[in-house]
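Enquirer: Here it is, the structure in full.
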Amino acid sequence: MKETINFRPYIMLGALVAIWVVFSFATDGLFLTTRNFSNLMRQTAIVGVLATGMVLIIVTGHIDLSVGSVVAFTGSVAAILNVWSLQLSSPLAIIIALLVGVLIGALNGWLVAYANIPAFIVTLGGMLIYRGAVKGSTKGETVGPLNDDFQLLGGGFLPKELGFIVLALLLSAIAFWIYKNVKKRKKERRPYMSNLLSGLLLMAICSGFFFALNFYKGLPYPVLILLVIASIVTVLSSMTPFGRHVYALGGNKEAAFYSGIDIKKNTLLVFVIMGFLAAVAGIVYTAQLGNATANAGRNLELDAIAACVIGGTSLIGGKGTIPGALLGALIMTSLDNGMILMNVQDYIQDIIKGLILVIAVWLDVSGAKK
C-alpha cells in the first residue's frame with residue numbers, strides 16, 4: 001500500500017519557524033532570548049489549555065464561545081475568595097473555582113445535549129452572562145494582590161533537575177506511543193513510516209524546548225500544567241472508548257446513534273471537560289497577573305478556536321488532534337508576543353489575527369471539499 005503523508009504538520013512547523021525568524025530579525029534578537037522564550041511558553045500554556053478542550057468540542061461538531069468569559073469568571077471567583085470575602089487558603093479557593101468551571105460546563109452541556117439548544121447560542125449567551133457576572137462581582141475593581149503561593153502557580157519554575165526528569169518521562173511516553181502506533185499499523189499492514197518520523201520529530205522538538213527553558217530558570221509551572229493536561233486528554237481522546245465515541249459523533253452523528261453511542265451523555269461530558277479546563281486556564285491566568293480584573297480573558301475564545309483550526313481541527317467535525325492544537329496555540333501566541341515586542345498597534349494586531357483565522361478556516365473548508 002502506498003503511504004500518503006500528511007504534510008500539514010510540517011507546513012505549520014515551517015510557518016512557526018518562519019515567524020520566529022522574522023520576529024527575531026525585527027526585534028534585533030530580543031524575540032528568541034531565553035527570557036522571552038520562557039514568557040512565550042507561559043502565554044502559550046493558557047491558550048494551549050483552552051485549545052486542548054476546544055478540540056473535543058469542535059470534533060463533536062459544536063463550538064464554545066464562552067471560554068474567555070469563563071476564564072475571567074473562575075479567576076475572579078478564586079481571587080475574591082482568596083483576597084476579599086472569606087480569605088480562604090489558595091488551594092481551597094482554587095478547588096472551588098474549578099468546581100464552578102465544572103458546573104458551568106455541565107450547564108452548557110445540558111442545554112446543548114438535552115434541551116437541544118444550538119451550542120453557538122448557548123455559549124454566546126454564556127459569554128455575555130459570565131462577563132457580566134465578573135463585572136458585577138468585582139464591581140469593576142482589581143481584586144488583588146493574591147497570596148504568594150497562588151501567584152507562584154503562574155510565575156514559579158520547576159527546578160532544573162526535576163525539569164529533566166519531566167523531559168525523560170515525556171520522551172518515554174512519546175516513544176511508547178510511537179511503538180504502539182507502528183506496531184498497530186504493521187499488524188494491519190498499513191504504512192507506518194510517516195508516523196515514525198512524526199514521533200521522532202516531536203521528541204526532538206520537546207527536547208529542544210526543555211533545554212531552552214532550562215537555560216533560563218527552568219520549566220514554568222504553567223507549562224508543566226499544560227503538559228499534564230495535554231497528555232491526559234490525548235490518552236483520553238485516542239486510547240479510550242470515550243475518545244472513539246467523540247470522534248464518531250463528529251464524523252457521522254446518525255451512524256454513531258445507530259451504533260449505540262449515547263450522544264447526549266458524551267456531548268455533556270465534552271462540555272464538562274471544557275468547563276474544567278477553562279477554569280484551569282482562568283486560575284493560571286489570574287495567578288500570572290497576580291490579580292483579577294473584569295477585562296481578563298478577552299478574545300481568548302477566538303485564540304483557542306484559531307489554534308485548533310490552524311492545527312488541523314476541522315470545523316465540520318470528526319477530525320483534530322491535541323498536538324496540532326498545541327502547535328496552533330504556539331503560532332498564535334508567537335504572533336501576539338512578537339507584535340507586542342515590535343510595538344505594533346492593537347488594531348493592526350486584531351486585523352492580522354483575524355485574517356489568519358479566516359485563511360485557516362478557508363483552507364480547512366477547501367480541503368474538506370477536495
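Enquirer: Taking segment 329-346, which residues are touching a helix residue (DSSP H, G or I) at 6+ places or on another chain (Cβ under 6 Å) and either open to solvent by 60 Å² or more (accessible area, probe 1.4 Å) or more than 17 Å from N39 (Cβ to Cβ) (or both)?
Expert: Narrowing segment 329-346 to residues touching a helix residue (DSSP H, G or I) at 6+ places or on another chain (Cβ under 6 Å): 329-334, 337-339, 342.
If the condition is that a residue be touching a helix residue (DSSP H, G or I) at 6+ places or on another chain (Cβ under 6 Å) and either open to solvent by 60 Å² or more (accessible area, probe 1.4 Å) or more than 17 Å from N39 (Cβ to Cβ) (or both), then M342 is the only one that fits.
Enquirer: With the checklist (1) within 17 Å of the chain's Cα centre (by Cα); (2) more than 19 Å from V228 (Cα to Cα) in hand, flag the one item M41 doesn't pass.
Expert: (2)
Enquirer: Can you list the helices (runs of 4 or more DSSP H) lying wholly within segment 15-120 that have 1 or more residues being surrounded by fewer than 24 Cβ atoms within 10 Å (Cβ to Cβ)? Even if it seems obvious, please write down each step before you answer.
Expert: Details: elements: 34-59, 67-79, 90-113.
Qualifying helices (runs of 4 or more DSSP H): 34-59, 90-113.
Enquirer: Which fully enclosed helices (runs of 4 or more DSSP H) of segment 175-278 have 2 or more residues being of a type outside the set (V, I, T) and either loosely packed, with under 13 Cβ neighbours inside 10 Å or modelled with pLDDT under 85 (or both)?
Expert: Correct list: 193-214, 241-251, 253-258.
Enquirer: What do you reckon, is Y285 closer than 26 Å to F209 by Cβ, of a type in the set (S, T, Y) and open to solvent by 10 Å² or more (accessible area, probe 1.4 Å)? Step through it out loud before you land on a result.
Expert: Details: closer than 26 Å to F209 by Cβ: yes; of a type in the set (S, T, Y): yes; open to solvent by 10 Å² or more (accessible area, probe 1.4 Å): yes.
So Y285 passes the test.
Residue by residue, here is whether (1) touching a Leu at 6+ places or on another chain (Cβ under 8 Å); (2) open to solvent by less than 40 Å² (accessible area, probe 1.4 Å); (3) under 18 Å from I11 (Cβ atoms); (4) without any contact (Cβ under 8 Å) to a residue 12 or more places away in the chain holds:
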position: A294; (1), (2), (3), (4): no, yes, no, no
position: S314; (1), (2), (3), (4): no, yes, yes, no
position: L327; (1), (2), (3), (4): yes, yes, yes, no
position: I348; (1), (2), (3), (4): no, no, no, yes
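Enquirer: So how many residues does segment 208-252 have that are of a type in the set (S, T, N, Q), touching a residue at least 60 places away in the same chain (Cβ under 8 Å) and farther than 22 Å from G275 by Cα?
Expert: Adding up the residues that qualify gives 1.
Enquirer: If you scan segment 310-330, which residues turn out to be at pLDDT 90 or above and either of a type in the set (S, T, Y) or within 16 Å of I63 (Cβ to Cβ) (or both)?
Expert: Once the filter is applied, which keeps residues that are at pLDDT 90 or above and either of a type in the set (S, T, Y) or within 16 Å of I63 (Cβ to Cβ) (or both), segment 310-330 yields A325, G328.
The values are calculated or read from the model by the stated rules, or taken from the named source; none is laboratory data. Computed from a predicted structure; not experimentally measured. As a convention, Cβ positions derive from the backbone with ideal geometry for all residues, glycine included, and neighbour counts pool all protein chains shown. Side chains included, ligands, DNA and RNA excluded: accessible areas come from the protein's heavy atoms. Shrake-Rupley method; radii C 1.70, N 1.55, O 1.52, S 1.80 Å.
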